[in-house]
1. Name every residue in region 93-125 that is touching a residue at least 60 places away in the same chain (Cβ under 8 Å) and of a type outside the set (S, T, N, Q), in order of residue number.
2. Among the helices (runs of 4 or more DSSP H) contained in region 277-331, which hold 1 or more residues that are within 20 Å of F164 (Cβ to Cβ)?
3. Please enumerate the residues belonging to region 127-153 that are in contact with a helix residue (DSSP H, G or I) (Cβ under 8 Å, 6 or more places away or on another chain) and surrounded by fewer than 14 Cβ atoms within 10 Å (Cβ to Cβ).
4. Looking at I11, I34 in this structure, which one is closer than 23 Å to C241 by Cα, within 19 Å of the chain's Cα centre (by Cα) and either in a helix (DSSP H, G or I) or without any contact (Cβ under 8 Å) to a residue 40 or more places away in the chain (or both)?
5. For residues that are among the aliphatic types (A, V, I, L, M) and without any contact (Cβ under 8 Å) to a residue 24 or more places away in the chain, scanning just region 282-303, find the one that is surrounded by the most Cβ atoms within 10 Å (Cβ to Cβ).
6. Regarding H48, is this residue under 16 Å from the mean Cα position of the chain (by Cα), in a helix (DSSP H, G or I), assigned by TED's automatic domain parsing to the domain that holds T212 and buried (at least 24 other Cβ atoms within 10 Å of the Cβ)?
7. If you take the residues of region 70-87 that are within 16 Å of K30 (Cβ to Cβ) and modelled with pLDDT of 90 or more, which of them is surrounded by the fewest Cβ atoms within 10 Å (Cβ to Cβ)?
Amino acid sequence: MFEHSPVSKRIFSYFNERIGQVIAPIGLLKVLSIHSAGSPFPRLSVLHEARSREWKTQTNLLAMKFFSDDMYIYISGEKTIHGMVKDYGRIWNNKCLVVNDGTLLFSSLAKRSRDRWLTAISVLLTEKKYEYSDNVQRFKVLGKISLLVNLATPSFAYYKNELFRATLGNRLFVVHGWLNREANRRCKANYEKTAQMPLPLKEKITEHYNRTIRNLNEYKKEIEFYADEYSALAVRNPIECQDIVTAIISENARINKRNRICDDDIKLVRMLRYYNIDPEVPDEPRVIEFLKQGRSYEDICHLLNKPRSYYSTISYYRKKAKRIGALDEKE
(Lines give C-alpha, C1' and ligand atoms only; values in the text may rest on other atoms or scores of the structure.)
Protein backbone atom coordinates (compact mmCIF):
# COMPACT_ATOMS: atom_id res chain seq x y z
CA MET A 1 0.00 0.00 0.00
CA PHE A 2 1.07 3.63 -0.62
CA GLU A 3 3.53 2.60 -3.33
CA HIS A 4 3.59 6.13 -4.74
CA SER A 5 2.99 7.93 -1.44
CA PRO A 6 6.19 7.78 0.66
CA VAL A 7 5.09 10.50 3.10
CA SER A 8 1.69 8.88 3.76
CA LYS A 9 3.35 5.49 4.11
CA ARG A 10 5.71 6.74 6.81
CA ILE A 11 2.95 8.59 8.67
CA PHE A 12 0.58 5.63 8.51
CA SER A 13 3.30 3.22 9.67
CA TYR A 14 4.16 5.59 12.51
CA PHE A 15 0.59 5.67 13.86
CA ASN A 16 0.27 1.93 13.30
CA GLU A 17 3.32 1.18 15.42
CA ARG A 18 2.85 4.03 17.89
CA ILE A 19 -0.82 3.24 18.72
CA GLY A 20 -2.40 0.53 16.59
CA GLN A 21 -3.88 -0.69 13.33
CA VAL A 22 -7.42 0.62 13.90
CA ILE A 23 -6.17 4.09 14.86
CA ALA A 24 -3.54 4.44 12.10
CA PRO A 25 -6.00 5.53 9.36
CA ILE A 26 -7.45 8.18 11.71
CA GLY A 27 -3.97 9.47 12.52
CA LEU A 28 -3.12 9.82 8.83
CA LEU A 29 -6.49 11.45 8.18
CA LYS A 30 -5.81 14.08 10.87
CA VAL A 31 -2.43 14.89 9.34
CA LEU A 32 -4.13 15.33 5.96
CA SER A 33 -6.78 17.57 7.54
CA ILE A 34 -4.15 19.91 9.00
CA HIS A 35 -2.29 20.03 5.69
CA SER A 36 -5.48 20.73 3.72
CA ALA A 37 -5.96 24.19 5.24
CA GLY A 38 -3.87 25.59 2.41
CA SER A 39 -5.57 23.64 -0.36
CA PRO A 40 -8.25 24.58 -2.88
CA PHE A 41 -11.86 23.62 -2.12
CA PRO A 42 -12.96 21.04 -1.08
CA ARG A 43 -10.67 20.94 1.92
CA LEU A 44 -10.65 18.06 4.39
CA SER A 45 -12.24 18.79 7.75
CA VAL A 46 -12.68 15.98 10.27
CA LEU A 47 -14.80 15.30 13.34
CA HIS A 48 -13.41 12.40 15.37
CA GLU A 49 -16.17 10.81 17.45
CA ALA A 50 -15.17 8.16 19.99
CA ARG A 51 -15.78 7.20 23.57
CA SER A 52 -13.67 8.34 26.50
CA ARG A 53 -10.00 7.24 26.43
CA GLU A 54 -10.10 6.13 22.81
CA TRP A 55 -7.12 8.13 21.48
CA LYS A 56 -8.80 11.32 20.33
CA THR A 57 -6.39 13.67 22.13
CA GLN A 58 -3.27 11.62 21.48
CA THR A 59 -3.87 11.43 17.73
CA ASN A 60 -4.42 15.21 17.60
CA LEU A 61 -1.20 15.94 19.49
CA LEU A 62 0.82 13.51 17.38
CA ALA A 63 -0.65 14.84 14.12
CA MET A 64 0.29 18.41 15.05
CA LYS A 65 3.91 17.37 15.65
CA PHE A 66 4.33 16.83 11.92
CA PHE A 67 3.80 20.58 11.27
CA SER A 68 5.31 23.90 12.19
CA ASP A 69 3.29 25.83 14.77
CA ASP A 70 2.12 28.47 12.29
CA MET A 71 0.10 25.94 10.25
CA TYR A 72 -2.64 25.44 12.86
CA ILE A 73 -4.49 27.09 15.72
CA TYR A 74 -4.80 24.79 18.72
CA ILE A 75 -7.95 25.28 20.80
CA SER A 76 -7.81 23.26 23.99
CA GLY A 77 -10.77 24.69 25.90
CA GLU A 78 -13.43 27.38 26.00
CA LYS A 79 -13.06 29.87 23.18
CA THR A 80 -15.82 32.03 21.69
CA ILE A 81 -15.46 33.54 18.23
CA HIS A 82 -14.83 36.89 19.90
CA GLY A 83 -12.14 35.29 22.07
CA MET A 84 -10.51 33.70 19.03
CA VAL A 85 -10.41 37.04 17.24
CA LYS A 86 -8.85 38.63 20.32
CA ASP A 87 -6.20 35.89 20.64
CA TYR A 88 -5.45 35.06 16.99
CA GLY A 89 -6.40 38.20 15.07
CA ARG A 90 -8.83 38.41 12.16
CA ILE A 91 -6.84 36.60 9.47
CA TRP A 92 -6.58 32.83 9.86
CA ASN A 93 -5.46 32.02 6.34
CA ASN A 94 -4.03 28.55 5.65
CA LYS A 95 -4.58 27.39 9.22
CA CYS A 96 -6.31 24.32 10.56
CA LEU A 97 -8.40 24.94 13.66
CA VAL A 98 -7.62 21.99 15.93
CA VAL A 99 -10.28 21.65 18.64
CA ASN A 100 -8.94 19.07 21.03
CA ASP A 101 -12.01 18.79 23.26
CA GLY A 102 -15.21 19.73 21.46
CA THR A 103 -17.18 18.58 24.51
CA LEU A 104 -15.48 21.15 26.73
CA LEU A 105 -15.76 23.87 24.08
CA PHE A 106 -19.44 23.39 23.30
CA SER A 107 -20.60 22.75 26.87
CA SER A 108 -18.80 25.85 28.18
CA LEU A 109 -20.43 28.20 25.66
CA ALA A 110 -23.88 29.67 26.10
CA LYS A 111 -26.38 28.62 23.43
CA ARG A 112 -26.09 31.92 21.53
CA SER A 113 -22.27 31.84 21.61
CA ARG A 114 -22.24 28.21 20.52
CA ASP A 115 -24.57 28.93 17.58
CA ARG A 116 -22.36 31.85 16.56
CA TRP A 117 -19.24 29.65 16.76
CA LEU A 118 -20.77 26.88 14.66
CA THR A 119 -22.09 29.33 12.07
CA ALA A 120 -18.84 31.29 11.83
CA ILE A 121 -16.68 28.20 11.26
CA SER A 122 -19.17 26.78 8.77
CA VAL A 123 -19.15 30.00 6.75
CA LEU A 124 -15.36 30.25 6.85
CA LEU A 125 -14.97 26.68 5.58
CA THR A 126 -16.87 27.50 2.39
CA GLU A 127 -16.68 31.26 1.86
CA LYS A 128 -13.33 32.09 3.54
CA LYS A 129 -15.00 35.12 5.15
CA TYR A 130 -17.21 35.59 8.20
CA GLU A 131 -18.76 38.96 9.13
CA TYR A 132 -20.25 39.76 12.51
CA SER A 133 -22.24 42.86 13.38
CA ASP A 134 -24.43 44.01 16.27
CA ASN A 135 -25.23 47.31 17.97
CA VAL A 136 -21.92 47.32 19.81
CA GLN A 137 -19.30 45.97 17.43
CA ARG A 138 -18.57 44.81 13.94
CA PHE A 139 -15.72 42.64 12.71
CA LYS A 140 -14.71 40.41 9.83
CA VAL A 141 -12.66 37.18 9.93
CA LEU A 142 -10.84 36.10 6.79
CA GLY A 143 -9.06 32.88 5.95
CA LYS A 144 -8.96 29.65 4.05
CA ILE A 145 -9.15 27.09 6.85
CA SER A 146 -9.78 23.46 7.72
CA LEU A 147 -11.21 22.10 10.97
CA LEU A 148 -10.21 19.14 13.13
CA VAL A 149 -12.45 18.56 16.14
CA ASN A 150 -12.82 15.77 18.70
CA LEU A 151 -16.15 14.94 20.34
CA ALA A 152 -16.82 12.29 22.95
CA THR A 153 -19.68 9.95 22.06
CA PRO A 154 -22.30 11.33 24.50
CA SER A 155 -21.57 14.88 23.32
CA PHE A 156 -21.79 13.89 19.66
CA ALA A 157 -25.25 12.46 20.30
CA TYR A 158 -26.23 15.64 22.19
CA TYR A 159 -24.81 18.24 19.76
CA LYS A 160 -25.27 16.36 16.48
CA ASN A 161 -28.47 18.15 15.52
CA GLU A 162 -26.92 21.55 16.28
CA LEU A 163 -23.88 20.74 14.17
CA PHE A 164 -25.96 19.82 11.15
CA ARG A 165 -28.55 22.55 11.70
CA ALA A 166 -25.74 25.12 11.47
CA THR A 167 -24.55 23.21 8.33
CA LEU A 168 -21.14 22.69 9.93
CA GLY A 169 -21.75 18.96 10.21
CA ASN A 170 -22.45 18.79 6.47
CA ARG A 171 -18.89 19.99 5.80
CA LEU A 172 -17.12 17.49 8.06
CA PHE A 173 -16.01 13.91 7.56
CA VAL A 174 -17.47 12.37 10.72
CA VAL A 175 -15.15 9.52 11.73
CA HIS A 176 -16.36 7.00 14.31
CA GLY A 177 -13.37 5.51 16.10
CA TRP A 178 -14.79 3.05 18.63
CA LEU A 179 -12.48 0.29 19.92
CA ASN A 180 -13.30 -2.94 21.69
CA ARG A 181 -11.66 -3.56 25.05
CA GLU A 182 -8.88 -5.84 23.78
CA ALA A 183 -7.95 -3.53 20.89
CA ASN A 184 -7.77 -0.57 23.28
CA ARG A 185 -5.49 -2.50 25.62
CA ARG A 186 -3.16 -3.30 22.72
CA CYS A 187 -3.14 0.39 21.74
CA LYS A 188 -2.22 1.37 25.30
CA ALA A 189 0.60 -1.17 25.40
CA ASN A 190 1.94 0.06 22.02
CA TYR A 191 1.76 3.69 23.09
CA GLU A 192 3.72 3.05 26.29
CA LYS A 193 6.29 0.83 24.57
CA THR A 194 7.00 3.38 21.80
CA ALA A 195 7.11 6.51 23.97
CA GLN A 196 10.57 7.45 22.66
CA MET A 197 9.77 6.72 19.02
CA PRO A 198 10.87 9.64 16.77
CA LEU A 199 8.72 11.10 14.03
CA PRO A 200 9.26 9.37 10.68
CA LEU A 201 9.87 12.57 8.71
CA LYS A 202 13.30 14.19 8.79
CA GLU A 203 11.82 17.68 9.07
CA LYS A 204 8.48 19.17 10.01
CA ILE A 205 6.12 20.24 7.26
CA THR A 206 6.44 24.01 7.06
CA GLU A 207 4.44 24.92 3.97
CA HIS A 208 1.43 23.71 2.01
CA TYR A 209 1.74 21.92 -1.30
CA ASN A 210 -1.47 23.36 -2.73
CA ARG A 211 -1.33 22.57 -6.43
CA THR A 212 -4.58 21.97 -8.30
CA ILE A 213 -5.12 18.25 -8.94
CA ARG A 214 -4.98 17.82 -12.70
CA ASN A 215 -6.60 14.44 -13.32
CA LEU A 216 -9.69 14.32 -11.08
CA ASN A 217 -11.89 13.69 -14.11
CA GLU A 218 -9.99 10.48 -14.84
CA TYR A 219 -11.21 9.14 -11.48
CA LYS A 220 -14.75 10.51 -11.72
CA LYS A 221 -16.40 7.06 -11.67
CA GLU A 222 -14.38 5.92 -8.64
CA ILE A 223 -15.13 9.15 -6.78
CA GLU A 224 -18.85 8.84 -7.44
CA PHE A 225 -18.83 5.16 -6.50
CA TYR A 226 -17.21 5.76 -3.11
CA ALA A 227 -19.29 8.88 -2.52
CA ASP A 228 -22.40 6.73 -2.90
CA GLU A 229 -20.91 4.12 -0.57
CA TYR A 230 -19.99 6.73 2.05
CA SER A 231 -23.49 8.17 1.68
CA ALA A 232 -25.09 4.78 2.34
CA LEU A 233 -22.86 3.97 5.32
CA ALA A 234 -23.12 7.41 6.96
CA VAL A 235 -26.72 8.09 5.82
CA ARG A 236 -25.74 11.42 4.31
CA ASN A 237 -26.29 13.32 1.11
CA PRO A 238 -24.09 11.80 -1.64
CA ILE A 239 -23.03 15.26 -2.86
CA GLU A 240 -21.59 16.04 0.60
CA CYS A 241 -19.79 12.69 0.52
CA GLN A 242 -18.43 13.43 -2.95
CA ASP A 243 -16.70 16.52 -1.53
CA ILE A 244 -15.31 14.41 1.33
CA VAL A 245 -13.99 11.69 -0.99
CA THR A 246 -12.50 14.30 -3.35
CA ALA A 247 -10.81 16.04 -0.41
CA ILE A 248 -9.30 12.78 0.91
CA ILE A 249 -7.81 11.68 -2.39
CA SER A 250 -6.63 15.17 -3.30
CA GLU A 251 -4.95 15.77 0.04
CA ASN A 252 -3.22 12.41 0.06
CA ALA A 253 -1.79 13.30 -3.34
CA ARG A 254 -0.70 16.78 -2.23
CA ILE A 255 1.06 15.75 0.97
CA ASN A 256 3.13 13.43 -1.22
CA LYS A 257 3.96 16.30 -3.59
CA ARG A 258 1.77 14.98 -6.38
CA ASN A 259 -0.69 17.01 -8.46
CA ARG A 260 -2.19 13.87 -9.96
CA ILE A 261 -4.34 11.19 -8.35
CA CYS A 262 -3.15 7.58 -8.33
CA ASP A 263 -4.48 4.29 -6.98
CA ASP A 264 -2.86 4.95 -3.57
CA ASP A 265 -5.39 7.71 -2.96
CA ILE A 266 -8.34 5.52 -3.89
CA LYS A 267 -7.05 2.77 -1.56
CA LEU A 268 -7.09 5.25 1.33
CA VAL A 269 -10.71 6.16 0.59
CA ARG A 270 -11.53 2.45 0.51
CA MET A 271 -9.76 1.89 3.84
CA LEU A 272 -11.77 4.67 5.52
CA ARG A 273 -15.22 3.42 4.39
CA TYR A 274 -16.37 1.76 7.59
CA TYR A 275 -15.33 4.65 9.81
CA ASN A 276 -18.51 6.28 8.41
CA ILE A 277 -20.79 3.95 10.38
CA ASP A 278 -22.18 5.32 13.63
CA PRO A 279 -21.97 2.40 16.10
CA GLU A 280 -24.99 3.75 18.01
CA VAL A 281 -27.26 3.26 14.98
CA PRO A 282 -25.67 0.38 13.04
CA ASP A 283 -28.96 -0.75 11.48
CA GLU A 284 -29.75 2.61 9.88
CA PRO A 285 -27.43 2.22 6.83
CA ARG A 286 -28.79 -1.27 6.20
CA VAL A 287 -32.38 -0.04 6.37
CA ILE A 288 -31.63 2.73 3.87
CA GLU A 289 -29.90 0.28 1.53
CA PHE A 290 -32.90 -2.08 1.68
CA LEU A 291 -35.26 0.82 0.93
CA LYS A 292 -33.13 1.74 -2.10
CA GLN A 293 -33.61 -1.85 -3.27
CA GLY A 294 -37.39 -1.35 -3.09
CA ARG A 295 -37.94 -3.78 -0.23
CA SER A 296 -41.10 -3.59 1.88
CA TYR A 297 -41.15 -2.83 5.61
CA GLU A 298 -42.16 -6.44 6.25
CA ASP A 299 -39.21 -7.73 4.23
CA ILE A 300 -36.77 -5.41 6.04
CA CYS A 301 -37.99 -6.58 9.44
CA HIS A 302 -37.52 -10.19 8.34
CA LEU A 303 -33.97 -9.51 7.06
CA LEU A 304 -32.98 -7.69 10.29
CA ASN A 305 -34.84 -10.13 12.54
CA LYS A 306 -37.01 -7.34 13.95
CA PRO A 307 -40.66 -7.38 15.11
CA ARG A 308 -43.44 -5.53 13.29
CA SER A 309 -43.12 -2.74 15.86
CA TYR A 310 -39.85 -1.85 14.05
CA TYR A 311 -41.98 -0.37 11.23
CA SER A 312 -41.99 3.00 13.04
CA THR A 313 -38.18 3.01 13.16
CA ILE A 314 -37.97 2.20 9.44
CA SER A 315 -40.40 5.04 8.73
CA TYR A 316 -38.29 7.45 10.83
CA TYR A 317 -35.08 6.45 9.01
CA ARG A 318 -36.85 6.81 5.66
CA LYS A 319 -38.14 10.33 6.38
CA LYS A 320 -34.77 11.42 7.77
CA ALA A 321 -32.89 10.04 4.74
CA LYS A 322 -35.22 11.83 2.32
CA ARG A 323 -34.85 15.08 4.24
CA ILE A 324 -31.06 15.06 3.92
CA GLY A 325 -30.97 13.66 0.39
CA ALA A 326 -29.69 10.16 1.20
CA LEU A 327 -32.87 8.76 -0.41
CA ASP A 328 -34.62 10.00 -3.53
CA GLU A 329 -38.28 11.02 -3.27
CA LYS A 330 -39.50 7.90 -5.07
CA GLU A 331 -37.59 5.49 -2.80
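The values are calculated or read from the model by the stated rules, or taken from the named source; none is laboratory data. Just so we're clear, the structure is a prediction, and the values are computed from it rather than from any experiment. Quick reminder, even Gly has a Cβ in these numbers, built from the backbone with ideal geometry, and neighbours come from all protein chains shown.
1. Taking region 93-125 first, the residues touching a residue at least 60 places away in the same chain (Cβ under 8 Å) are 94, 96, 98, 125.
Answer for region 93-125, where residues must be touching a residue at least 60 places away in the same chain (Cβ under 8 Å) and of a type outside the set (S, T, N, Q): C96, V98, L125.
2. Correct list: 283-292, 311-324.
3. Selection gives K129, F139.
4. Among I11, I34, only I34 is closer than 23 Å to C241 by Cα, within 19 Å of the chain's Cα centre (by Cα) and either in a helix (DSSP H, G or I) or without any contact (Cβ under 8 Å) to a residue 40 or more places away in the chain (or both).
5. Once the filter is applied, the top-ranked residue is I300.
6. Working: under 16 Å from the mean Cα position of the chain (by Cα): yes; in a helix (DSSP H, G or I): no; assigned by TED's automatic domain parsing to the domain that holds T212: yes; buried (at least 24 other Cβ atoms within 10 Å of the Cβ): yes.
No.
7. Our first condition is that a residue be within 16 Å of K30 (Cβ to Cβ); within region 70-87, this holds for 71-76.
Okay, now just the ones that are also modelled with pLDDT of 90 or more, so 71-75.
On the way: M71: 20, Y72: 24, I73: 19, Y74: 14, I75: 21.
Ranking the candidates gives Y74 first.
Yes or no, residue by residue, for (1) modelled with pLDDT under 95; (2) assigned to a helix (DSSP H, G or I):
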{"residue": "L28", "(1), (2)": "no, yes"}
{"residue": "L44", "(1), (2)": "no, no"}
{"residue": "F106", "(1), (2)": "yes, yes"}
{"residue": "S113", "(1), (2)": "yes, yes"}
